[in-house]
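Q: Encoded as structure tokens, here's the structure I'll be asking about.
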Amino acid sequence: MEKRTGFASNFGFLMAAIGSAVGLGNIWGFPYRMGKGGGFAFLLVYLVLAALCGAVVLLGELALGRRTGGNAVSAYQAVSRRFKWVGVPAVAAAVLILSFYSALGGYCIRYLMLNVGGLLGAGWGAGGLDGSTLFAATLTQQGAAIGNGAIFLALTAVIVLFGVRRGIERFCSVGMPVLLVMLLIIILRACTLPGAGAGLSFMFKPDFTPLKEDFLGVLKTAGGQMFFSLSIAAGVMVTYGSYTDKRQDLGKNTVLIVISDTAVGLLAGMAVLPAAFALGAPEDAMRGPALLFVTLQDVFGSMGRTGYVFGILFYLLVVLAALASSVSMLEVPVAYLTDRALARSEGRKTAGASRRWLYTLLITLLAGVFCTVTCADGLGSNGLWVPLQSLFRARGEIPTFCDCWLDLLDFLSEGLLMPLGGLLTCLMIGWELKPDWVGDEVRRSGARFGAYRFYAVCVRYITPLIMLFILWGQLKDFLGL
Ligand code: PHE
């Protein structure tokens, strides 16, 4: 079998893994949820969950990938009898997320262009139009939305085609530091707007009432957020782990990834919420797509010409963050299919590179089909048929999971496949392989595994329980139970 190339350096690996973790989830999910969930109180709950659950699964996935040298599917097959198929839902989740993520990435590209046009004073720019008008047009102009989604997906495919080292690692090693600088510039601008302080206090003011009133609700929100944000249970960390070498300290890397992801969530909050509050936006305009595509655009629009400069900087930043995530999603199925084809053709001469080409193309096309449907649907604005919707309509109430195509794909991946896969991975490591299996792998670099005892207790008892709880919470939320 041809040797797979991996990351050239630990820095490259870290940038790729942090790049995968940092994405739309951090920018539009974290700040609002933190504000709603009680500010510092939410952050505390989030960090405890990240330590007891997120880091445990993340470390397990990295170790699984590195120890077996396999992809998201073969890694499980190599080590387990009972859990040998757990990698399959992870690969499916990666493809599903890639589909709707590309639709959203396409919207970001459109906003980037709208601001470029605004700056140039071009007719196709944002000039003078408010955020809600622009967003309505973005959702209902199906052709443009599909085109932009296709551009985003094509950019993703090109980076993946260049390979792990020359494509993903290089892109992330340059892109992530650039992203941080841009984020800092936006924060400076946002926090010096008159009235910005209210945004910071919304986000950071410790308020324990949400914890007292609905502790389980906060736990559930923080849990779901953490899962998606850390890119766990989607095959990404297993695949990336297989591209690292024996010298790297997996424990330290895990901690660095979790801390960086949380830090970027906090920084993103300091960039978007003060600006939204300075504008006096109502609270429901600070959540999800509305925050990014209506409220913030209004902020930029209200600043005159320099606003467009900040708009360009901001949407470029979001596109970068989204791309570093989407390449990781595409790499998961591509690595699996390429490895499989190479293993099957052992003995015969097959060019691995051309296989990789073919599979990248095929998966991109597959994700492209779902992306097209998601764009045509425009978050439900265009009245496209959505599976199961009419069934529920007849009964009177439509649960959120089939509100629109994006919600449906999100439910299948984030609501179902990921928590289930994460739970099974944890059970496999804790009970079939035993915690020492991961312990040995961590120590192989010569590193000390100081928190081993803590890890062992978590992976067997605490983490699976939290996972079960998150799965239940997700199902309840999506199905509106
Ligand atoms: N972590 C990414 C974000 O926060 C999303 C993601 C999920 C990326 C699963 C890869 C795999 O936006």
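Q: What ranking, highest mean first, results for peptides 120-129, 377-386 when packing means the other Cβ atoms within 10 Å averaged over each residue? Could you put the intermediate results ahead of the total?
A: Working: 120-129: 13.3, 377-386: 16.4.
The densest-packed peptide leads the list: 377-386, 120-129.
Q: Still on this structure: Residue farthest toward the positive end of the dipole of the range 10-479, with Cβ of Lys/Arg at +1 and Asp/Glu at -1: which of Leu98, Gln141, Ala285?
A: Leu98
Q: Further question on the same structure: Might you tell me the accessible area per residue for the chain, computed with a 1.4 Å probe and given in Å²? All intermediate terms of the calculation are to be shown ahead of the outcome.
A: Details: 18870 Å² over 481 residues.
Result: 39 Å² per residue.
Q: Based on Cβ point charges of +1 for Lys and Arg and -1 for Asp and Glu, what charge dipole magnitude is obtained for the chain about its Cα centre, in debye rounded to the nearest 20?
A: Details: 37 positive and 27 negative charges, 333 e Å.
Approximately 1600 debye in magnitude.
Q: Straight-line reach only, C-alpha to C-alpha below 19 angstrom: list the aspartates and glutamates that Lys36 could link to, leaving out same-chain residues fewer than 8 apart.
A: Straight-line reach from Lys36, under 19 Å: Asp207, Glu213, Asp214, Glu283, Asp284, Asp477.
Q: In addition: Which of the three applies to the range 117-187, rounded, prolate or oblate, going by the alpha-carbon gyration tensor with a ≥ b ≥ c and a/c under 1.5 meaning rounded? Provide the component values of the computation, followed by the final result.
A: Details: a/c = 2.93, a/b = 1.52, b/c = 1.94.
Verdict is oblate for the range 117-187.
Q: Now for a different question. I'd like to know which of Val45, Val79, Pro206 lies farthest towards the positive end of the charge dipole of the range 10-479, counting +1 on Cβ of Lys and Arg and -1 on Cβ of Asp and Glu.
A: Val79
Q: So for the range 68-221, considering every pair of alpha-carbon atoms, how many percent are separated by more than 24 Å?
A: On the way: 7386 of 11781 pairs.
Of all Cα-Cα distances in the range 68-221, 63 percent exceed 24 Å.
Q: Quick one: accessible surface of Glu213, probe radius 1.4 Å, all protein chains present, in square angstrom to the nearest 10.
A: Accessible area of Glu213: about 150 Å².
Q: Output the peptides 195-206, 42-53 sorted from most to least packed, where packing is the average of other Cβ atoms within 10 Å over each peptide's residues. List each step's numbers first, then the result.
A: Working: 195-206: 17.3, 42-53: 20.0.
Highest-to-lowest ranking by the protection proxy: 42-53, 195-206.
Q: Mind jotting down the three principal axis lengths of the chain based on Cα atoms? Whole angstrom, largest first.
A: 62, 55, 51
Q: Tell me the angle of helix 55-68 to the major Cα principal axis of the chain, expressed in degrees between 0 and 90 and rounded to the nearest ten.
A: 50 degrees
Q: In degrees, nearest 10, range 0 to 90: what is the angle between the Cα axis of helix 305-344 and the longest Cα principal axis of the chain?
A: 20 degrees
Q: Over the chain, with every protein chain in place, what whole percent of the accessible area is carbon and sulfur at 1.4 Å, could you tell me?
A: Numbers: 12470 of 18870 Å².
Solvent-exposed carbon and sulfur of the chain make up 66 percent of the total.
Q: Which one of Gly311, Thr244, Phe228 is farthest out on the positive end of the charge dipole of the chain, using unit charges on Cβ (Lys, Arg +1; Asp, Glu -1) and the Cα centre as origin?
A: Value: Thr244.
Q: If you don't mind, another one. Based on the alpha-carbon gyration tensor of the range 284-399 and its eigenvalue square roots a ≥ b ≥ c, which shape applies: rounded if a/c is under 1.5, prolate if not and a/b is larger than b/c, or oblate? Mind dumping the intermediate values first?
A: Details: a/c = 3.71, a/b = 1.45, b/c = 2.56.
Oblate is the answer for the range 284-399, as a/c is 1.5 or above yet b/c matches or exceeds a/b.
Q: Oh, and also: Kirkwood hydrodynamic radius, computed over distinct alpha-carbon pairs, for the range 9-136: how many Å, to one decimal?
A: Working: mean 1/r = 0.0542 Å⁻¹.
After inverting the mean inverse Cα-Cα distance, the result is 18.5 Å.
Q: A follow-up question, please. Taking the Cα atoms only, what angle lies between the long axis of helix 131-140 and the longest principal axis of the chain, rounded to 10 degrees?
A: 60 degrees
Q: Rolling a 1.4 angstrom probe over the protein chains, ignoring ligands and nucleic acids, what is the accessible area of Tyr101 in square angstrom, nearest 10?
A: Per-residue accessible area (Tyr101): approximately 10 Å².
The values are calculated or read from the model by the stated rules, or taken from the named source; none is laboratory data. Keep in mind that what you see is a predicted model, and the values were worked out from it rather than measured. A quick note on method: Cβ atoms are made from the backbone with ideal geometry, for glycine too, and the neighbour counts reach across all protein chains shown. Surface accessibility is based on the protein's heavy atoms, side chains included, excluding ligands, DNA and RNA. Shrake-Rupley method; radii C 1.70, N 1.55, O 1.52, S 1.80 Å.
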